[in-house]
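Q: Can you read through this structure? Questions will come right after.
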Amino acid sequence: MGQRDDLLAGARQCLIDKGYAHTTARDIVAVTGANLAAIGYHFGTKDALLNAAVLEAFEEWGSSIENASTLTPAATAEARLREFLDGLLSAAAQQHALLVASVQAYALAEFAPEVRAQLAATYAKARRELAAMVLGVPPEDVTPGQAASTGSLIVALINGAVLQWLVDPHDAPKASDLMDAMRTLNPEVDAG
């Protein structure tokens, strides 16, 4: 790894250990062995470095979501969603640090236009791909309406369940809880 990559890895470690607001430039250089000037040279500011580290973590979390979405093609949409949510939520314990770093991106989006733009692009892609996964079609066959409805619902389920898990893993909803709630709201959905 080069110095730029070392700084990103160090910033990410500091995000995990201390959080965004409590990480100083000195913390990052202590982890990496770099000097303070290296942050300015490669990223301009400590905040730009931390933003890059947060975006990297968010992208990695997005990849984890994509990996959890490889499902049985013959299953029903409900079964695909349940299987996906089961995989995603069961992996949360192993992904704790990554989840925390990713959640920090939401707060940053208000103050960092590059973070907001990256999150918006990531969500646009995720809505289409998640809708495709549940509907059992290729992403290019997902209509804008399906991405906006089905994809947005799945993103909301992911975000809501993950946030609840981060706050209280013991009482956070499981995939079966979420699926039961959807059946309660729409009794026509097959209990299958």
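The values are calculated or read from the model by the stated rules, or taken from the named source; none is laboratory data. All of these numbers come straight from a predicted model, not from anything done at the bench. Cβ atoms come from the backbone with ideal geometry, glycine included; neighbour counts cover every protein chain shown. Ligands, DNA and RNA are stripped out before the accessible areas are found, and what is left, the full protein with its side chains, is counted by its heavy atoms. Shrake-Rupley method; radii C 1.70, N 1.55, O 1.52, S 1.80 Å.
Q: Could you please report the charge total around residue 174, scoring K, R as +1 and D, E as -1 over all other residues with beta-carbon less than 11 angstrom from its beta-carbon? Working shown, then result.
A: Working: positive: 82; negative: 86, 171, 177, 180.
Residues close to residue 174 contribute a combined charge of -3.
Q: Taking square-rooted eigenvalues a ≥ b ≥ c of the alpha carbon gyration tensor, is segment 92-187 rounded, prolate or oblate, where a/c under 1.5 means rounded and, failing that, a/b exceeding b/c means prolate? List each step's numbers first, then the result.
A: On the way: a/c = 2.11, a/b = 1.06, b/c = 2.00.
Taking the square roots of the gyration eigenvalues as a ≥ b ≥ c, segment 92-187 is oblate.
Q: State the extension gain, in nm to one decimal, for the chain segment bounded by residue 36 and residue 1, taking 0.36 nm per residue of separation less the distance between their alpha-carbons.
A: Working: separation 35, 0.36 × 35 = 12.60 nm, distance 1.81 nm.
Length gained, residue 36 through residue 1: 10.8 nm.
Q: By how many nm would the segment from residue 94 to residue 60 grow when fully extended, if each residue of separation counts as 0.36 nm and the alpha-carbon distance is taken off?
A: Details: separation 34, 0.36 × 34 = 12.24 nm, distance 1.32 nm.
That works out to 10.9 nm of additional length.
Q: With every protein chain kept in the model, how would you rank 26, 127 by accessible area, 1.4 Å probe, largest at the top?
A: Details: 26 165, 127 75 Å².
Greatest to least solvent exposure: 26, 127.
Q: Take residue 48 and residue 18, extend 7 Å from each Cα along the Cα→Cβ direction, and tell me the distance between the two endpoints in nm.
A: Between residue 48 and residue 18, the simple spin-label model gives 2.0 nm.
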